[in-house]
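The values are calculated or read from the model by the stated rules, or taken from the named source; none is laboratory data. What you are looking at is a predicted structure, and each value in this text was computed from that prediction instead of being measured. Quick reminder, even Gly has a Cβ in these numbers, built from the backbone with ideal geometry, and neighbours come from all protein chains shown. Surface areas here come from the heavy atoms of the whole protein model, side chains and all, with no ligands, DNA or RNA. Shrake-Rupley method; radii C 1.70, N 1.55, O 1.52, S 1.80 Å.
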Amino acid sequence: MEDCLAKKMEITVSEAEKRTGRNAMNIQETYTAYLIETRAVESQSEGHCAPVESLWRRYSEFELLRNYLSVTYPHIVVPPLPEKRADFVWHKLSADNMDPDFVERRRIGLENFLLRVASHPVLCQDKIFYAFLMQEGGWKEMVNETGFQLKADSRLKALNATFRVKNPDKRFTELKHYSDELQSVISHLLRVRARVADRLYGVYKVHGNYGRVFSEWSAIEKEMGDGLQSAGHHMDVYAASIDDILEEEEHYADQLKEYLFYAEALRAVCRKHELMQYDLEMAAQDLTSKKQQCEELATGTVRTFSLKGMTSKLFGQETPEQREAKIKVLEEQIQEGEEQLKSKNLEGRDFVKSAWADIERFKEQKNHDLKEALISYAVMQISMCKKGIQVWTNAKECFSKM
């Protein structure tokens, strides 16, 4: 961690800007661009003011970066991006992806994504990631030249592997189940929070009716008028405060959403392991089949029924020369298959070792982050309740002075 990029460079996504331009289909579109600013830390420590490097990136470029990292480092739980469009929001909050409040929260999420990658012991060393931070022109071409898309596994192949692996690794099976459960419980928690926020919004706004009634009442009371008017003012302030409170609450919800999306990153590692195990089993099965064919040709016996065997009986046996040629080809294929199987076994062991080390790192990070987020959320709720108590305490004092 001492060598990670986050220790050597300050990285911020400092602002967002709404822009209009034409896409690849030459259709005019409106999008948001984000300003990434970087500054070397070493220069500052030596008493020099390091220059700030800056460039603009679209959300789609962040997506391209993450796709590249996911394919290039399949054994790593790659940090997720913030949502492209708002989800799990209380109904008074805009779900428009151009809404300024949503864009601001996404700006914070994109900065967090960059800091996560820059803090990762492996991802931070990637040249494409470094170029993303430092090189605006030609970056997309640089990514595409890596050919990472060719390494991407098809969804159909992944689905096939899920159902056909005969000896799945119990640890990865349990991890996959855990990621499903984690996503489910956080989704439920966010839905509950959104429902509570809706009701809380209504309760706070109804307090504004106290303000209106107290104000109307104060107009017909001479001795009590000032006290009622003051109490009404406190109620109005209380009613108006809920907008800022729930907007702040969305930031805590975004911290939970990050781990909602991390669950998919965990599953991606599990799927990759399934694919590797599937390829290994298919290679072993193919090798066994070739060895059996070679043995049958060498001994002249057929263990299992085959169309080829029936053809031989009907149209005569192969000549010794033909059989020898086939045996030679099979022996070469068997040798090649054994080397391939050995290579796949080694690759699989390396993947498991690397993946499990990163999963342990992720678990430690997750436990720390979720604990912090839940404590901060609880502190905020306590603070909100205290403000409610203070409003009614102020109202009580106003009534006492009447």
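Counting only protein heavy atoms, what percent of the accessible surface of the chain is carbon or sulfur at a 1.4 Å probe? If you can, show how the numbers build up before the last one.
Working: 12700 of 23870 Å².
Of the solvent-accessible surface of the chain, carbon and sulfur hold 53 percent.
I need the peptides 256-266, 154-164 ranked by packing, meaning the mean over residues of other C-beta atoms within 10 angstrom, with the highest value on top.
On the way: 256-266: 19.7, 154-164: 12.5.
Going from most to least packed, we get 256-266, 154-164.
How many Å² of accessible area per residue for the chain, probe 1.4 Å? Please list the in-between numbers first.
Working: 23870 Å² over 402 residues.
I get 59 Å² per residue for the chain.
Given R₀ = 22 Å, what would the calculated FRET efficiency be for Ala33 paired with Ala131, taking r from the Cβ atoms and rounding to 0.05?
Values: r = 18 Å, r/R0 = 0.81.
Given R0 = 22 Å and the Cβ-Cβ separation, E is 0.80.
Report, in deg cm²/dmol and to the nearest 500, the calculated mean residue ellipticity at 222 nm for the chain, where each DSSP H run with n ≥ 4 adds -39500 (n - 2.57) and the sum is divided by the residue count.
So the calculated ellipticity at 222 nm is -24500 deg cm²/dmol.
Give the angle, between 0 and 90 degrees and rounded to the nearest 10, that separates the Cα long axis of helix 155-164 from the longest principal axis of the Cα atoms of the chain.
Relative to the chain, helix 155-164 is tipped by roughly 70 degrees.
Can you give me the distance in nm between label points at Lys387 and Met98, each placed 7 Å from the Cα along the Cα-to-Cβ direction?
It works out to 3.1 nm between the two label points.
Give me the angle, in degrees from 0 to 90, between the Cα long axis of helix 59-72 and the longest principal axis of the Cα atoms of the chain, rounded to the nearest 10.
Long axis of 59-72 versus the principal axis of the chain: about 40 degrees.
Please state the Cα pair-distance histogram of the chain with 10 angstrom bins from zero: what percent is in each bin?
Going from the shortest bin to the longest, the percentages are 4, 15, 20, 19, 14, 11, 8, 5, 2, 1, 1, 0, 0.
Where a Cα-Cα gap under 22 Å defines reach, which lysines qualify for Lys222, not counting those fewer than 8 residues away within the same chain?
Correct list for Lys222: Lys396, Lys401.
Between the helical axis of 170-218 and the dominant principal axis of the chain, each derived from Cα atoms, what acute angle in degrees is found, rounded to the nearest 10?
Helix 170-218 sits at roughly 20 degrees to that axis.
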